[in-house]
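The values are calculated or read from the model by the stated rules, or taken from the named source; none is laboratory data. In this text, all values refer to a predicted model and were calculated from it rather than measured experimentally. Cβ: placed from backbone, ideal geometry, glycine included. Neighbour counts: every protein chain shown.
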Amino acid sequence: MKILIIEDEKSIADNLKIGLEQHRFMVDVAYDGQNGHYLAGEYDYDIIILDLMLPDMDGEDLCRRIRKEKRDSFVIMLTAKKQIENIVNGLNCGADDYLTKPFEFSELLARIRALLRRTSKNKENTLCISDLKMYLDKEQVFIGEKEIKLTKKEFMILEYLLRHEGQLVSRNQILEHAWDRNVDIFTNIVDTHIKNLRRKLGKSGRLIETVYGSGYRVLSRKIDK
Ligand code: CA
């Protein structure tokens, strides 16, 4: 899952990025409204965390614009003001949820997950295929009864593949989903991670099919033990 943080207070933005990355989200940060608006238009984010008070732009105005241009992204608004009218305005201009500063990181995380469950494809907290089970809330992967320890990147790649079960997923799609925008698109890191992922999954690694020259596809099938 991909998140954009638009927040001019660098320490808040950077801490959120670190925290969210630890929970296996891919995070881009914009420290002003203009850059935030650009990134929101350029990439597909599942969630946009938008600070209401930005130096160069009116947060509500930016929210309205993003809402108009990116219907598929959820927007969580951050506000330093507790006044009810600001919250109402924030929700009126299209934010899906809001948090008042200061807030607990765990609350933000819970709200992000609640929003992600709203879309039909994300309703489940568990992704399953054959004997492979992925628990998104607990950040655990099992094959049958056995837990498989994955790195953050491997987890993100597997989650992305499972969410697109049966579909061809290109290397670039995986790169865009699991790495931030500074990644070198000519690297072969995706293939390296898929290789490690398959090895860790053992026989179930065969669920991940290579589509020669194009990318990868996860297909449900019976795996002989
Ligand atoms: Ca601010």
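Worth pointing out:
- Selection from region 85-103 of residues that are surrounded by fewer than 17 Cβ atoms within 10 Å (Cβ to Cβ) and of a type in the set (Ser, Thr, Tyr): 100
- Inspection of region 205-217 finds a residue satisfying the criterion of being part of a helix (DSSP H, G or I), touching a residue at least 24 places away in the same chain (Cβ under 8 Å) and not assigned by TED's automatic domain parsing to the domain that holds residue 39.
- Taken over region 52-92, residues that are more than 15 Å from the ligand (Cβ to nearest atom), of a type in the set (A, V, I, L, M) and at pLDDT 90 or above amount to 2.
- Test: residue 204 is of a type in the set (Gly, Ala, Ser) and crowded, with 16+ Cβ neighbours inside 10 Å: yes
- Qualifying residues in region 1-26 (those that are among the β-branched types (Val, Ile, Thr) and not in a strand (DSSP E or B)) - the one nearest to the ligand (Cβ to nearest atom): 12
- Within region 130-141, residues that are aromatic (Phe, Trp, Tyr) reach partners that are modelled with pLDDT of 95 or more with beta carbons closer than 8 Å, at six or more positions or on different chains, in the pairs 135/141; 135/142.
- Residue, surrounded by the fewest Cβ atoms within 10 Å (Cβ to Cβ), within region 34-51, restricted to residues that are away from the ligand (no atom under 15 Å from the Cβ) and of a type in the set (Gly, Ala, Ser): 41
- Subset of region 123-160 [in a helix (DSSP H, G or I) and in contact with a Lys or Arg (Cβ under 8 Å, 6 or more places away or on another chain)]: 152, 154, 155, 156, 159
- Filter pass, residue 214 being loosely packed, with under 13 Cβ neighbours inside 10 Å and hydroxyl-bearing (Ser, Thr, Tyr): yes
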